Amino acid sequence: MLGASVTAVIDIANLYKAYGDVSVLQGLNLRVGAGESFGLLGPNGAGKSTLIHLMLGFLRPDRGQIALLGTTRLEQIRLRVGYLPERQRYHMAYSAREYLRFLGSFSGLTGAAMHERVDRELALVGLTEVADRRLATFSKGMLQRLGIAQALLMDPDLLLIDEPTSGLDPTGQREVIDLLNEVRQRNHTLFLCTHYMHEIDQLCDRVGIMANGRIAVERKVADLQGIVNSVRIKVQGMTAQVQEALHTLGPGIHCEGQSVRISQNSPRLQAAVLRTLLDANVVILMLEPLENPIERLYLETIQATKLPSGLHTSLGMFNNSQRPILTRTPPEKVASPERQGERDPLLHELLQTGKTEDK
Ligand SMILES: Nc1ncnc2c1ncn2[C@@H]1O[C@H](COP(=O)(O)OP(=O)(O)OP(=O)(O)O)[C@@H](O)[C@H]1O
């Protein structure tokens, strides 16, 4: 959670939004500090885009309050908020330069200042060379980079980003992530919705997981990165004798051919295993974590917030064809992640991490 003393660029309190009789946001609270990069995970249909559209003023809340950059009058700070939508529509007959100049003119840019700003953003996103080519000839990745340029055109204080790498091939994804990392260095506050754990890992300071119309769990990404429950050490030169020595270190050591798996990993156990291997002149080739703590936290949180009736939000991240069943169950009737953590030691650790610390 963000400390009360930190200036909040996003300050949302008790936000409700329904489409007809489908409740999407049900008392959502969120604070994001200046310069922070916050990532929001949630199943398909959890309401992530709805939340962004509310922040942009495209939609009005049914109840609750949204303050951005210190004001609830969102129309006053429109130019200080950049937006990269999941799917941007382009007039394909424009060139990249024409497109950005067209948008700039709408935002009040003129003359040399406009040209300079457009050229600067084209350079940032690596499109200078192709700036005068028609957009019809651009790849999806290039179009997404152009989308980042348009979102940055007015040098916004706050950047709202919706699923930035959706539909891109691995190279396109890498380019966009690298680019957003550069953007992150420019001190904008970032709010990113995604389905991809590696984007949270690489782009965010803090992660929130959305379930049942609220942010059910928030954690610092650095704290989660520090939790590795299970690791595998790949080696060369393992012998039966070394295996025997390793097994005496504890029940969480599993030798499988030329690799050692440590379940219930701890720094002390890991050090003891490595020391034993090195003392026996076994070559250590690689040490790898066996699960992503962010993914684990996500899956466990979604599971923990299942409806008591057995209905639950689908894990759409893994199955795009499934649409979630949205709950209207009162939040107090939903099993809390904390309760679930009582039964799962790793989840308990994940849920406790950073609990008492404020950013
Ligand atoms: N204009 C609308 N009218 C009616 N229902 C809508 C509208 N927009 C969104 N919804 C519904 O609201 C719910 C939340 O949608 P939203 O797009 O905000 O979720 P999301 O978390 O962004 O999903 P995804 O990850 O699939 O992009 C979904 O059930 C969706 O079908």
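Readers should treat all values here as calculations from the given coordinates under stated rules, not as data from a laboratory. Predicted model, so just to flag it, every value in this text is computed and none were measured. For neighbour counting, all protein chains shown are included, and Cβ atoms are generated from backbone atoms with ideal geometry for every residue, glycine included.
Below, the figures for the structure above:
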read-out	value
Neighbour-count ranking [beta-carbon atoms within 10 angstrom, fewest first] of Lys140, Lys220, Lys234, Lys48	Lys140, Lys234, Lys220, Lys48
Simple label model, 7 Å out from Cα along Cβ direction - Glu116 to Leu79, nm	1.6 nm
Shape of the range 230-289, Cα gyration tensor, a/c cut at 1.5	rounded
The range 114-201: C-alpha gyration tensor shape, a/c 1.5 cut-off, then a/b vs b/c	oblate
Separation in nanometres of the label points that stand 7 Å from Cα toward Cβ, at Glu256 and Arg268	2.7 nm
Calculated FRET value between Thr72 and Gln185, using beta carbons and R₀ = 35 Å, to 0.05	0.75
Distance in nm between pseudo-label sites at Asp169 and Glu291 (7 Å out along the Cβ direction from Cα)	3.4 nm
Length-normalised contact order for the range 24-93 - Cα pairs under 8 Å, 6+ apart - percent	20 percent
